[in-house]
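Data block below; observations after.
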Amino acid sequence: MKENSSKKLAFFLPSLHEGGVEVVVLNLIKELIKQNYSIDLLLTVKEGRLLDKVPPSVRIINLRSKRALNSLSPLINYLKKEKPDILFSAKTYVNILSIVATKLSRVSTRIVVSEHTILSLNAKNSRSFRGRYLIPLFARIFLRYADEIVAVSEGVASDLVNVFKIPKKCVNTIYNPIVSDELINNAKKEIFIPNQDDEPIILGVGRLTQVKDFKTLIEAFAIVRKKIKARLIIIGDGEERDSLVLLAKKLGIEKYIYLPGYKDNPLPYMSKASVFVLSSKYEGFGNVIVEALACGTSVVSTNCPSGPAEILDHGRYGRLVSVGNKEELAQAIIETLENPFPANELKQRSLDFSIDKSVSKYINLFEKLLNNS
């Protein structure tokens, strides 16, 4: 697009605490700056470990709202004053707020919202009334009023169209921008892994929550350990940590498991791992699978809805197993340890999810909106 510098994009997120959505949005912002877009980053509250990753040319707008709903009024005020050409948001409840604020502000700003999870499954597994009932209800009512919706996988898109009855013409599938030269360089950094016996490493990465189902991974590892001497590392923090530690002790494998907590850069662990395992009950996409492929590390994943099978091309680039099946997961890990996938083929596959490819699709989407405004 010509004269990008005259076009202002506003990105709206709850905060910059570590997470796949936040990393994806920052990757997108960094590339759009190179295309000379003017960018504001709106946060309901200015906090999070990723704040120092924001490029200096991006203006951060702190809406100073501890609760997302309280950000509605300052968001409306921002839109009336700044009138950005496009407001881009991610995460369902923030998307709903973006649409409502834009309509109430009566500005010509176009709305692009990004959905990163299978909304119907997210609601089904939510423990709160808001997550189980209110957000899905409001999503069904309001998402259709976005100018464009980006789904991060075909599965997410299908859920929006078939369950939430969003017009198919409004939903665009754009895979997350993941692979870059920076990622490859980060994967080469040195780390220390306590593994005195130099045994093969099985790796899991993600928040320690029920949805990620690290319980099944630990149970599968106990089976693997009976046949192959290996180590399990699970990177991440979350409410399930204590119960996972207790499970490992119950199974008598705690000395073979390492839980180092959250890591800013888990990529060197992926490079050193023999197998990367995703044990989730469901995923919107599965950024960590792409990262593992980029490191040339073989992958075993649950065939959960919906991203993993798309990334692994339905088993061509990694073994897929049933959700929650520890025996099947263990067998796939053993087979992968014994017969890993060719690293060069995995790295080549990861390039299908490069930042350049993804961002070019976003730019085409933005161009279409701006040229029709």
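Below, the figures for the structure above:
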{"quantity": "Residue that is least open to solvent (accessible area, probe 1.4 Å) [pool: residues in region 115-133 that are among the hydroxyl-bearing types (Ser, Thr, Tyr) and over 21 Å from the mean Cα position of the chain (by Cα)]", "calculated": "Ser128"}
{"quantity": "Per-region count, region 190-235, residues at pLDDT 95 or above and at positive phi", "calculated": "2"}
{"quantity": "Qualifying position, being within 14 Å of Leu346 (Cα to Cα) and in contact (Cβ under 8 Å) with a residue 12 or more places away in the chain, among Val288, Val245", "calculated": "Val288"}
{"quantity": "Residues that are surrounded by 18 or more Cβ atoms within 10 Å (Cβ to Cβ), within 15 Å of Phe221 (Cβ to Cβ) and in contact with a strand residue (DSSP E or B) (Cβ under 7 Å, 6 or more places away or on another chain), drawn from region 302-336", "calculated": "Thr302, Val321, Glu328, Leu329, Ala332, Ile333, Thr336"}
{"quantity": "Within region 337-373, considering residues that are closer than 26 Å to Val275 by Cα, touching a residue at least 60 places away in the same chain (Cβ under 8 Å) and not charged (D, E, K, R), the one surrounded by the fewest Cβ atoms within 10 Å (Cβ to Cβ)", "calculated": "Leu351"}
{"quantity": "Qualifying residues in region 228-258 (those that are of a type in the set (A, V, I, L, M) and open to solvent by 30 Å² or more (accessible area, probe 1.4 Å)) - the one farthest from Asp213 (Cα to Cα)", "calculated": "Ile228"}
{"quantity": "Val21 vs. criteria assigned to a helix (DSSP H, G or I), in contact with a Lys or Arg (Cβ under 7 Å, 6 or more places away or on another chain) and either of a type outside the set (Phe, Trp, Tyr) or over 20 Å from Leu104 (Cα atoms) (or both)", "calculated": "yes"}
{"quantity": "Odd one out for Tyr175, checked against (1) surrounded by fewer than 17 Cβ atoms within 10 Å (Cβ to Cβ); (2) part of a loop (DSSP other than H, G, I, E, B)", "calculated": "(1)"}
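Yes/no matrix, rows are residues, columns are (1) within 18 Å of Val113 (Cβ to Cβ); (2) modelled with pLDDT of 95 or more; (3) open to solvent by 50 Å² or more (accessible area, probe 1.4 Å):
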residue: Met1; (1), (2), (3): no, no, yes
residue: Asn4; (1), (2), (3): no, no, no
residue: His17; (1), (2), (3): no, no, yes
residue: Gly20; (1), (2), (3): yes, no, no
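The values are calculated or read from the model by the stated rules, or taken from the named source; none is laboratory data. Computed from a predicted structure; not experimentally measured. So basically every Cβ, Gly included, is an ideal-geometry build from the backbone, and we count neighbours across all protein chains shown. In case anyone asks, the SASA skips ligands and DNA or RNA and just uses the protein heavy atoms, side chains included. Shrake-Rupley method; radii C 1.70, N 1.55, O 1.52, S 1.80 Å.
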